[in-house]
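**Student:** The following block contains the structure, expressed as structure tokens.
The values are calculated or read from the model by the stated rules, or taken from the named source; none is laboratory data. None of the values given here were measured: they were computed from a predicted structure. In this analysis, Cβ positions are derived from the backbone assuming ideal geometry, glycine residues included, and neighbour counts consider all displayed protein chains.
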Amino acid sequence: MIRRDVLDKEIVWDQEGHLSEVAKSALADGQDAILPPDALAHFSRCHACVEGVGKAALLSAQFSAALVAAPRVERSLPWIPIGAALAVAAVSAIPMFAVARFWLSVSSVFFARGVRIAGHGLLTVAANGLAPTFYLASTLVLLAMGFAIARLVPRTAVQ
Amino acid sequence: MPLVCMPVFAAFSEAPASDETVALRGIVRAVAAAVLRLRPDHPDVEDCASETIRRAIEGDWRLREGQPRRPWVIGIARHVALDMLRAKKRTRLGESSDEDASSWVERVPDSSPGPHELLERAEGRAALERAVAELPTPMQAALKKFHVEGKSYQTISEEMKVPLGTVATWVTRGRKSVAERLRAGGKYE
């Protein structure tokens, strides 16, 4: 009876009685189950076939690595959640339209003062010597690096 | 416990992963024999196989989820064998420092790249994909099902409704053909 789950003898052996390229390739790919027992026995004692299987395994492994390698995808900003949040904010702001002029004037005062206070703070830090300025600059650099790693570096590089 | 020990401990505590790695010893020995160009029963091949298995078990935590173990372990075997070759070469050069410089050249192993090295050096995935795209369609499908989807020859045979021998031949000849196309060089540049 012909077994359909095992390779035919004509495919398994070459003319010199060694394993064929196909059989060596199957062994290299871990497909031992489709080879007849005498082929596995030959593999265990034939040095030439072992070397051939080794070469086939190297080729197969590098083929897998090359084909499966994940493409370098940059992490894009989460535009959908950002859009949804902006939409919710816009809808929530509708009742405020009646008093928009008041809020705009308050906000402009708030931002004008805020910028002035922030500028004054930075000047105060700078006036107190190099150390506080250095700490502040280091903090900003660390924050920028964190953002770069989290958002700009490809996922594969982080892994 | 120092943090650095944790992955090693984790690797040893997961017996199935270790067993799976140890089961690859046969193929690891074949790879080492092929790279070192030595008989499979040579002590250096055995050393290389043992070192590979040790590194694979200890570094098991590096294996990403879904990443196939077999190519990963084979890659380690190749690196271990190449390291061994380089170490031997350095030793030989050191021992023969008083000899004629021309003898060094004769002792340097053949540096001509094999098909696997050519494949590795290929201009990344794009060149490989172009080479694969030139194969007959069923051969491409069989290669992708095996290498990308991780299906066995048997499963591919059932899915494509072709004999098992045909799948085995497609995979073998497809890979060989791609390696030869890449070896041809400038054709894909």
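**Student:** Does the stretch B:141-171 hold any residues that are closer than 13 Å to residue A:26 by Cβ and among the aliphatic types (A, V, I, L, M), and which are they?
**Tutor:** Passing the criteria: B:142, B:156, B:164, B:167, B:168, B:171.
**Student:** Kindly indicate which of B:143, B:135 is at pLDDT 80 or above, out of contact with any Asp or Glu (no Cβ under 7 Å at 6 or more places or on another chain), part of a loop (DSSP other than H, G, I, E, B) and buried (at least 17 other Cβ atoms within 10 Å of the Cβ).
**Tutor:** B:135
**Student:** Still on this model: Could you check the stretch B:147-168 and list, in sequence order, the residues that are within 7 Å of another protein chain (Cβ to nearest Cβ) and in a helix (DSSP H, G or I)? Please lay out each step first, then the result.
**Tutor:** Pass one, the stretch B:147-168, residues within 7 Å of another protein chain (Cβ to nearest Cβ): B:147-148, B:152-154, B:164-165, B:168.
Selection gives B:147, B:153, B:154, B:164, B:165, B:168.
**Student:** Run residue B:107 past the list (1) exposed (fewer than 11 other Cβ atoms within 10 Å of the Cβ); (2) at pLDDT below 55; (3) of a type outside the set (A, V, I, L, M, F, W, C) and report the number of the one that doesn't hold.
**Tutor:** (1)
**Student:** Something else about it: Does residue A:60 meet the test of being at pLDDT 85 or above, exposed (fewer than 11 other Cβ atoms within 10 Å of the Cβ) and among the small types (Gly, Ala, Ser)? Lay out the reasoning, then the answer.
**Tutor:** Details: at pLDDT 85 or above: yes; exposed (fewer than 11 other Cβ atoms within 10 Å of the Cβ): no; among the small types (Gly, Ala, Ser): yes.
For residue A:60, the condition - at pLDDT 85 or above, exposed (fewer than 11 other Cβ atoms within 10 Å of the Cβ) and among the small types (Gly, Ala, Ser) - is not met.
**Student:** If I go through the stretch B:50-75 residue by residue, how many of them are among the β-branched types (Val, Ile, Thr) and facing another protein chain (nearest Cβ under 10 Å)?
**Tutor:** 2
**Student:** For residue B:149, only one of the following conditions fails: (1) crowded, with 17+ Cβ neighbours inside 10 Å; (2) modelled with pLDDT under 90; (3) under 20 Å from residue B:70 (Cα atoms). What is its number?
**Tutor:** Single failed check for residue B:149: (1).
**Student:** Here is a further query. If only one of A:113, A:101 is modelled with pLDDT of 90 or more and over 43 Å from the mean Cα position of the chain (by Cα), which one is it?
**Tutor:** Within the list A:113, A:101, the selection yields A:113.
**Student:** Further, regarding this structure: From A:54, A:83, A:121, A:146, which residue is under 39 Å from the mean Cα position of the chain (by Cα), at pLDDT 85 or above and surrounded by 11 or more Cβ atoms within 10 Å (Cβ to Cβ)?
**Tutor:** Exactly one of A:54, A:83, A:121, A:146 is under 39 Å from the mean Cα position of the chain (by Cα), at pLDDT 85 or above and surrounded by 11 or more Cβ atoms within 10 Å (Cβ to Cβ), namely A:54.
**Student:** Going by what's in this entry, would residue B:171 be described as part of a helix (DSSP H, G or I) and either in contact (Cβ under 8 Å) with a residue 24 or more places away in the chain or more than 10 Å from chain A (Cβ to nearest Cβ) (or both)? Show your work before the answer.
**Tutor:** Details: part of a helix (DSSP H, G or I): yes; either in contact (Cβ under 8 Å) with a residue 24 or more places away in the chain or more than 10 Å from chain A (Cβ to nearest Cβ) (or both): yes.
Judged against the criteria, residue B:171 is a match.
**Student:** While we're here: Test residue B:181 against the stated conditions and say whether it is more than 11 Å from chain A (Cβ to nearest Cβ), modelled with pLDDT under 90 and not in a loop (DSSP other than H, G, I, E, B).
**Tutor:** yes
**Student:** A further question follows. Does the stretch A:52-65 include one or more residues that are among the β-branched types (Val, Ile, Thr) and within 14 Å of chain B (Cβ to nearest Cβ)?
**Tutor:** Looking for residues that are among the β-branched types (Val, Ile, Thr) and within 14 Å of chain B (Cβ to nearest Cβ), one finds at least one in the stretch A:52-65, hence yes.
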